[in-house]
Amino acid sequence: MFNYNIPFHIKERITIIHAPNGYGKTTILKAIDDIFSRNFSELKEVCFDEIYIQYTNKSSLKITKHEDRNKNKMSFLLKQPKHKDIEYDLITKVEIPEFLLDTLSQELPSFYRRIGPDKWIDTRRNKVMPIEYLIERYLSSHIRNDLYSHPSHPIQNKRIPIGLRKHLMSLPTRFIKSQRLYQFDQTGSDRNYIKKEREMTPSVIAYSDELRRAIERKLAESASYSQELDRTFPSRLIDKMAKIKEERAPSSNSIKSQLKELEITRSRLQNVGLYTGSHLPIKTKEKMDKHTLKVLSMYIEDNEQKLSIFNDMEKKINLMKNILNTRFSHKDITINSVDGFEITLIDGSKLSPENLSSGEQHELVLNYELLFKSKEGSLILMDEPEISLHISWQKHFLNDLQKIADLTNVDIIIATHSPQIINDKWHLTIDMEEGG
């Protein structure tokens, strides 16, 4: 029905597609995610004739869908400079044998939940996984080989060429859907799809627990690294002292400045729940001999290494806290390894994350997804970020998003029909109502 040309705004890293309902904004996001997630079983359900993707390095990928009496397949054509073209045909209508589905049910880890005859969802990411991926990843090799060689049970007419697979894997995507406040529980039988008993958990609760566990892992990593540095400290110190004549000792002022900066870093990490220890400041003298300066220099180097483990997480937590505490009224959000998100009202009482308003939950979930669930260098596909957000929040959204994109090194495509979200950034928009 439509033919769109959508150029990316590469410099700003944010592209906005906008149009009234029914113009295919969500369909485009879903198609892009299905392609780069290699979720071809879902892509075949998308209504399209051709998708053509051109890259800044002059490569291109064309996916053509054939649906007639003689052909029922998708064709992939990957062109890359100085490389041979890769062509791949995927049969789109295949009956999955029941024995395979039963075997797959038995082999899959518990975090996969069956939601249809041949569909499973990864409850960790709330994402439907392609059956081709599950077969490749979890079925034993002899079952896979029998399956691929059996003419009456073709999952694919041939496996995805390694060059195409690597190409698609090189661009991770994350699709932040409009329904983002709830996700599937990780418990329950894979036969629940028959009974339609799919329990849901509020995303704010799931993410609070997820962040708590991520902080715990970082603290454990730091503790393990600290033990190793402390264990080798004496021998490294002896080696350093043996070379004391060869190396110039730092100045007293330099050491004092570095120790002060170390205390500031510890305090900063403590404020975001990433430093739980207590530490007494080191008292220094006005003048220190070169032996003392060498010891303190090594002490500083070790502690800077110990604390550097938290650098990336600290930046993300700080940005998230700043955004949320600027938006939320009469509340203060802190983050720690015990509660994950801790929300305190102005009277000092605590509020559980699921008792936040719908708009506040959307704001928290969006920021968490962008900061903590999106890989560096990935393409983020975001559907209707304006849902439940107050107009004033919508107007600030792109500014917040730009800060996140700069920190996490991601590119973002937004589908919206809210002029408030766009605000003064109309130069980033593609008007699909006018054909892209």
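Within the range 9-54, how many residues turn out to be within 17 Å of residue 78 (Cβ to Cβ), open to solvent by less than 70 Å² (accessible area, probe 1.4 Å), modelled with pLDDT of 95 or more and not in a helix (DSSP H, G or I)? Result for the range 9-54: 2.
What about residue 397, is it under 22 Å from the mean Cα position of the chain (by Cα) and within 23 Å of residue 217 (Cα to Cα)? No, not satisfied.
What number of residues within the range 307-356 are more than 18 Å from residue 206 (Cβ to Cβ) and open to solvent by 40 Å² or more (accessible area, probe 1.4 Å)? Lay out the reasoning, then the answer.
Residues of the range 307-356 more than 18 Å from residue 206 (Cβ to Cβ): 307-315, 318-319, 321-323, 325-332, 334, 344-350.
Right, trim to open to solvent by 40 Å² or more (accessible area, probe 1.4 Å) and you get 308, 311-312, 315, 318, 322, 325-326, 329-332, 345-350.
Total meeting the criteria: 18.
Quick one: count up the residues across the range 81-96 that are surrounded by 14 or more Cβ atoms within 10 Å (Cβ to Cβ) and at pLDDT 75 or above. Full working, then the answer.
Of all residues in the range 81-96, those surrounded by 14 or more Cβ atoms within 10 Å (Cβ to Cβ) come to 86, 88-92, 94, 96.
Among the residues that remain, those that are also at pLDDT 75 or above are: 86, 88-90.
Residues flagged as surrounded by 14 or more Cβ atoms within 10 Å (Cβ to Cβ) and at pLDDT 75 or above within the range 81-96 amount to 4.
Against the definition (farther than 30 Å from residue 240 by Cβ, open to solvent by less than 70 Å² (accessible area, probe 1.4 Å) and either in a helix (DSSP H, G or I) or at pLDDT below 90 (or both)), how does residue 298 come out, yes or no? Criteria not met by residue 298. The set of residues from the range 83-132 being within 23 Å of the chain's Cα centre (by Cα) and of a type in the set (Val, Ile, Thr) comprises 121, 123, 128, 131. Could we say that residue 76 is assigned to a loop (DSSP other than H, G, I, E, B) and of a type in the set (Phe, Trp, Tyr) here? When the stated conditions are applied, residue 76 does not pass them.
Pairs meeting the criteria (first residue in the range 173-184 and touching a residue at least 40 places away in the same chain (Cβ under 8 Å) and more than 13 Å from residue 127 (Cβ to Cβ), second residue of a type outside the set (Asp, Glu) and crowded, with 20+ Cβ neighbours inside 10 Å, beta carbons under 6 Å, at least 6 apart or on different chains) are 181/203; 181/361.
Residues in the range 66-79 that are farther than 18 Å from residue 159 by Cα and in contact with a strand residue (DSSP E or B) (Cβ under 8 Å, 6 or more places away or on another chain) were compared, and the one that is surrounded by the most Cβ atoms within 10 Å (Cβ to Cβ) is 79. Within the range 56-72, not a single residue is of a type in the set (Asp, Glu) and under 27 Å from residue 166 (Cβ atoms). On the basis of being farther than 17 Å from residue 302 by Cβ, more than 34 Å from the chain's Cα centre (by Cα) and either without any contact (Cβ under 8 Å) to a residue 24 or more places away in the chain or open to solvent by 80 Å² or more (accessible area, probe 1.4 Å) (or both), does residue 242 make the cut? Taking the combined requirement at face value, the residue satisfies it.
Among the strands (runs of 3 or more DSSP E) confined to the range 363-436, the ones with at least 2 residues that are touching a helix residue (DSSP H, G or I) at 6+ places or on another chain (Cβ under 9 Å) and β-branched (Val, Ile, Thr) are located at 411-416. Restricting attention to the range 265-281, the residues that are open to solvent by less than 80 Å² (accessible area, probe 1.4 Å) and in a helix (DSSP H, G or I) add up to 4. For the range 242-256, does any single residue satisfy the condition of being within 30 Å of residue 337 (Cα to Cα), out of contact with any strand residue (DSSP E or B) (no Cβ under 6 Å at 6 or more places or on another chain) and at pLDDT 80 or above? No, every residue in the range 242-256 fails to be within 30 Å of residue 337 (Cα to Cα), out of contact with any strand residue (DSSP E or B) (no Cβ under 6 Å at 6 or more places or on another chain) and at pLDDT 80 or above.
Of everything in the range 91-137 that's part of a loop (DSSP other than H, G, I, E, B) and of a type in the set (Val, Ile, Thr), which residue is nearest to residue 174 (Cα to Cα)? Don't jump to the end; show me each part of the working.
So in the range 91-137, the residues part of a loop (DSSP other than H, G, I, E, B) come out as 92-97, 108-111, 117-118, 123-126, 130.
Right, trim to of a type in the set (Val, Ile, Thr) and you get 92, 94, 96, 123.
Numbers: 92: 24, 94: 27, 96: 28, 123: 15 Å.
Result: 123.
Does residue 414 count as touching a strand residue (DSSP E or B) at 6+ places or on another chain (Cβ under 7 Å), at pLDDT 95 or above and under 12 Å from residue 18 (Cα atoms)? Taking the combined requirement at face value, the residue satisfies it.
How many of the residues in the range 401-424 are open to solvent by 30 Å² or more (accessible area, probe 1.4 Å) and within 25 Å of the chain's Cα centre (by Cα)? Step through it out loud before you land on a result.
Applying the first criterion (open to solvent by 30 Å² or more (accessible area, probe 1.4 Å)) to the range 401-424 yields 402-403, 406-407, 409, 411, 417, 419-420, 423-424.
With within 25 Å of the chain's Cα centre (by Cα) added as a condition, the list becomes 402-403, 406-407, 409, 411, 417.
Selection size over the range 401-424: 7.
Does residue 284 satisfy the criteria of being among the polar types (S, T, N, Q), in contact with a strand residue (DSSP E or B) (Cβ under 9 Å, 6 or more places away or on another chain) and part of a loop (DSSP other than H, G, I, E, B)? Outline the logic, then answer.
Working: among the polar types (S, T, N, Q): yes; in contact with a strand residue (DSSP E or B) (Cβ under 9 Å, 6 or more places away or on another chain): no; part of a loop (DSSP other than H, G, I, E, B): yes.
Answer is no for this residue.
The values are calculated or read from the model by the stated rules, or taken from the named source; none is laboratory data. Bear in mind that the values here come from a model prediction, so they are computed numbers and not experimental data. Positions of Cβ are backbone-derived with ideal geometry, glycine not excepted, and every protein chain shown enters the neighbour counts. To get the accessible areas, we keep the full protein, side chains included, count just its heavy atoms, and leave off ligands, DNA and RNA. Shrake-Rupley method; radii C 1.70, N 1.55, O 1.52, S 1.80 Å.
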